[in-house]
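In what follows, a single structure is set out as structure tokens and then discussed.
The values are calculated or read from the model by the stated rules, or taken from the named source; none is laboratory data. Every value quoted in this text rests on a predicted model; they were computed, and no experiment measured them. Here Cβ is always computed from backbone atoms with ideal geometry, including for glycine, and neighbour counts include all displayed protein chains.
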Number of protein chains: 2
Amino acid sequence: MQQEQASGAPLRVALLGCGVVGSSVARMLVEHRDDLAARVGRPLELVGIAVRRAGRDRSDLPVDPSLFTTDAAELVTRADVVVEVIGGIEPARSLIESAMKHGASVVSANKALLAEAGPALYAAAAEHGVDLYYEAAVAGAIPILRPIRESLAGDEVRKVIGIVNGTTNYVLDKMDTTGQGFAEAVEQAQALGYAEADPTADVEGFDAAAKAAILASLAFHTRVSGDQVYREGITEVSAADVQAAREMDCVVKLLAICERTDTTGPDGQPTAGVSVRVHPAMIPRSHPLGGVRDAFNAVFVEADAAGQLMFYGKGAGGDPTASAVLGDVVAVARHRVGGGHGPGESAYADLPVLAMGQALTRYHISLDVADRPGVLAQVATAFAQNHVSIETVRQQIVDGDDAGDAGGATRAHLVVVTHSAPDAALAATVEALAELDTVREVTSVMRVEGD
Amino acid sequence: MQQEQASGAPLRVALLGCGVVGSSVARMLVEHRDDLAARVGRPLELVGIAVRRAGRDRSDLPVDPSLFTTDAAELVTRADVVVEVIGGIEPARSLIESAMKHGASVVSANKALLAEAGPALYAAAAEHGVDLYYEAAVAGAIPILRPIRESLAGDEVRKVIGIVNGTTNYVLDKMDTTGQGFAEAVEQAQALGYAEADPTADVEGFDAAAKAAILASLAFHTRVSGDQVYREGITEVSAADVQAAREMDCVVKLLAICERTDTTGPDGQPTAGVSVRVHPAMIPRSHPLGGVRDAFNAVFVEADAAGQLMFYGKGAGGDPTASAVLGDVVAVARHRVGGGHGPGESAYADLPVLAMGQALTRYHISLDVADRPGVLAQVATAFAQNHVSIETVRQQIVDGDDAGDAGGATRAHLVVVTHSAPDAALAATVEALAELDTVREVTSVMRVEGD
């Protein structure tokens, strides 16, 4: 274990990356210098900022211009704490591993890297006796990783449901409040800076999936990587889906769901597993997550003893993310001064990650059907044959003219909400429904969460 | 620094108190034995439970009856971790100090003790090289102390507003939803077990004041004791106050408010200070705290970089509180195994605690006034003379008969909401208003928070 004397010598902090988050980190390190020194017990000295291109004007930052370097590989060899806010897999990963090898503790905001290579990074940290912290990787300023891996360390987490992507929450919130379609809402989000020019990582759920992997790993003491997370984005969410949710007093959210499930195996023995998935779902407006507006993030946690908890705040942005980074910097710096280490990887539970088909979910299904006797019986049979139990059915007669039906035949609109069932059975039911000759169209299929 | 070898020898846990929380702690220590051992890196062995009276039937607990002892003083001499859930000042304080002297780290749920003697306990912990953790002392299961003292350690907290007493939140919520008066709502809360037979500590705000002192100390790196907290309970909150709040689309909550204020001193220099207070206040229903129902707790935090955060969950009860206790037990046990210590007292900022009169607040004032020309001018003058700026005035003419006025004279109802001003100036304004001959009665005075 490395442990410096609690002398007055400053701890050397190296910063990798100077984009929106890095700039905020650099500024806070300088402006809060005295507070940070008092809290850590030693001054923190910014010894270098690795940037991709030299010569860019950064005179807005209150740092000595000589601190900027394009030689990140050299910088990480001369620091006690390395802050990585570059993002992406390489060169971030190599730099972090080199930093650890040279004895530095690492604070990272890199969700993609943690979701892909978390176990390897933890192993490197353990090997070199340094800390690995990454609070900023999930839900920006919201303290959520530390609560899960420390505050709830004596409890059993059952479920984590997160709104962990601000862009998609902004888009879905606009669709809800204005009735806009997906494309229009995304354009508006782009104009306001809430969505990138290429919004794929957000709207296709890749960003949320990486975060779900990190949350599930910590909550269930089990390795879960980003590619094990079932992922559905919001590009298929229509104005009709959002309207259907409104009629249920629900709202559509892109949810990152991590759930511990105890199912019965083929041998009749109980089997524990974890389901980790990202998809849009209807959630009641009265649910604590139902009121999370705009680009805010929130994470809802259910634990055996603690019951229901929620953590709410800003999930992105330079200063909020820097707040989480600096909290981690203080933690690892305190360990340098006072000894000890933060928690290492905890993967002892080693639970199997279930396939999406095994996840227990509920569906909300809207159907346009012919209005003739026996239709409801046929529909109900399709559910029964797939062993899916119906919670509610609502039928609405639509006049042929209103329906824009050339033949003028009356038809009906059916809304079915199911009880909980394996996702595979629900998906099979939807397929079966689509093939019934009395079903004209399956107009909306959406999972339901939150009760 | 004490540091055991990471051998397989169990860490000895002593439990002081076996009431609602203690029973849950004991049960969880036993039932989650394997998980806790895996997370700590060593088994945790419950070596004794100190109770006040021997011989009480505790066969519902899955613990060896021989573990119960009435000799707490002896028990604390033979433990690595002492969990104190007795509550109150003595004997809890002496037992904790003795435990530390004998080398044990301490986990406490005792808000009253921490608010009264926190600095002395931290000093004892530092002297003996042990940890002091007390997450369960504020807002039960909600991780709030660790986020403030660790996650936000790199940020500057500006304001903490907590709903930290479940009993009063239950009572106020019932008054809001049913129109009941205070006495009736308290009786109902007592019948349902949400309020004690003697509800003084809750309804008079003593419980919340202790928690406010703890929150403010951590948030502002400044010693704040319970007796420095301005305190007003909810016994004077009337059905009329709650109705007045409804008309503003607000709800009345008992708030624990910790605020960092930068004011200008008599010498014209900026002076930093902290205002720590517990009182009922109107808060908009749209505010994240406005939707906290029943006996739930929530803590809203504003920090420079993080922005607005909220933490929500169950603030009391055996299992929720035990969840927080066990999280702390795992933390201090990990330090025993891996070295290091949790953060000690951080009081370097040493900011002055302002008197209530200096706190900047807003008032909502309802007045019954005579309906004659010049009344509003007279009322407005009273505000102006006290340098209080009015945000809105609403006037409603009340017919003499409707008003139950024997003389049949018409009168008017005035509702004034002020801008932010020192509390002393607002209180002086209310006094001045009460003395105006055109003011028949000041019918409701309530502070306004949350925007």
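Summary table below
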item	result
Test result for residue A:162, in contact with a helix residue (DSSP H, G or I) (Cβ under 7 Å, 6 or more places away or on another chain) and not hydrophobic (A, V, I, L, M, F, W, C)	yes
Filter pass, residue B:273 being farther than 18 Å from residue B:212 by Cβ and either among the small types (Gly, Ala, Ser) or crowded, with 23+ Cβ neighbours inside 10 Å (or both)	no
Single residue of B:30, B:51, B:85, B:76 found to be under 32 Å from the mean Cα position of the chain (by Cα) and within 13 Å of chain A (Cβ to nearest Cβ)	B:30
Single condition residue B:329 does not satisfy, out of (1) modelled with pLDDT of 95 or more; (2) within 20 Å of residue B:211 (Cβ to Cβ); (3) not hydroxyl-bearing (Ser, Thr, Tyr)	(2)
Enumerated strands (runs of 3 or more DSSP E) restricted to segment A:1-100, each holding at least 2 residues that are without any contact (Cβ under 8 Å) to a residue 24 or more places away in the chain	none
Subset of segment A:160-201 (residues that are closer than 30 Å to residue A:307 by Cβ and either modelled with pLDDT under 95 or more than 19 Å from the chain's Cα centre (by Cα) (or both))	A:176
Only one of B:281, B:298 that is among the aliphatic types (A, V, I, L, M), within 14 Å of chain A (Cβ to nearest Cβ) and in a strand (DSSP E or B)	B:298
Subset of segment A:128-152 [within 13 Å of the chain's Cα centre (by Cα) and modelled with pLDDT of 95 or more]	A:135, A:136, A:137, A:138, A:139, A:142, A:144, A:145
Checking residue B:334 against (1) touching a His at 6+ places or on another chain (Cβ under 7 Å); (2) assigned by TED's automatic domain parsing to the domain that holds residue B:133, the condition it does not meet	(1)
Segment B:319-332 residues that are over 16 Å from residue B:142 (Cα atoms), paired with ones that are polar (S, T, N, Q) and crowded, with 24+ Cβ neighbours inside 10 Å (beta carbon under 6 Å, 6 or more apart)	B:332/B:105
Boolean, residue A:272 is at pLDDT below 95 and in contact with a Phe, Trp or Tyr (Cβ under 7 Å, 6 or more places away or on another chain)	no
Check on residue A:229, more than 30 Å from residue A:345 (Cβ to Cβ) and at pLDDT 95 or above	no
All positions within segment B:303-333 that are in contact with an Asp or Glu (Cβ under 9 Å, 6 or more places away or on another chain) and under 26 Å from residue B:122 (Cα atoms)	B:303, B:322, B:323, B:324, B:325, B:326, B:327, B:328, B:330, B:331, B:332, B:333
Breaking point among (1) closer than 30 Å to residue A:221 by Cα; (2) free of Cβ contacts under 8 Å to residues at least 24 places away in the same chain, for residue A:174	(1)
Residue within segment A:109-127 that is farther than 30 Å from residue B:139 by Cα, within 14 Å of chain B (Cβ to nearest Cβ), surrounded by fewer than 19 Cβ atoms within 10 Å (Cβ to Cβ) and more than 16 Å from the chain's Cα centre (by Cα) present	yes
Enumerated helices (runs of 4 or more DSSP H) restricted to segment B:142-208, each holding at least 3 residues that are buried (at least 23 other Cβ atoms within 10 Å of the Cβ)	B:166-178, B:182-191
Single residue of B:316, B:333, B:305 found to be over 25 Å from residue B:155 (Cα atoms), part of a loop (DSSP other than H, G, I, E, B), within 14 Å of chain A (Cβ to nearest Cβ) and touching a Ser or Thr at 6+ places or on another chain (Cβ under 9 Å)	B:316
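Okay, residues lined up against (1) closer than 18 Å to residue B:417 by Cα; (2) assigned by TED's automatic domain parsing to the domain that holds residue B:155; (3) surrounded by 19 or more Cβ atoms within 10 Å (Cβ to Cβ):
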{"residue": "B:220", "(1), (2), (3)": "no, yes, yes"}
{"residue": "B:230", "(1), (2), (3)": "no, yes, yes"}
{"residue": "B:233", "(1), (2), (3)": "no, yes, yes"}
{"residue": "B:244", "(1), (2), (3)": "yes, yes, yes"}
{"residue": "B:247", "(1), (2), (3)": "yes, yes, no"}
{"residue": "B:257", "(1), (2), (3)": "no, yes, yes"}
{"residue": "B:261", "(1), (2), (3)": "no, yes, no"}
{"residue": "B:268", "(1), (2), (3)": "no, yes, no"}
{"residue": "B:279", "(1), (2), (3)": "yes, yes, yes"}
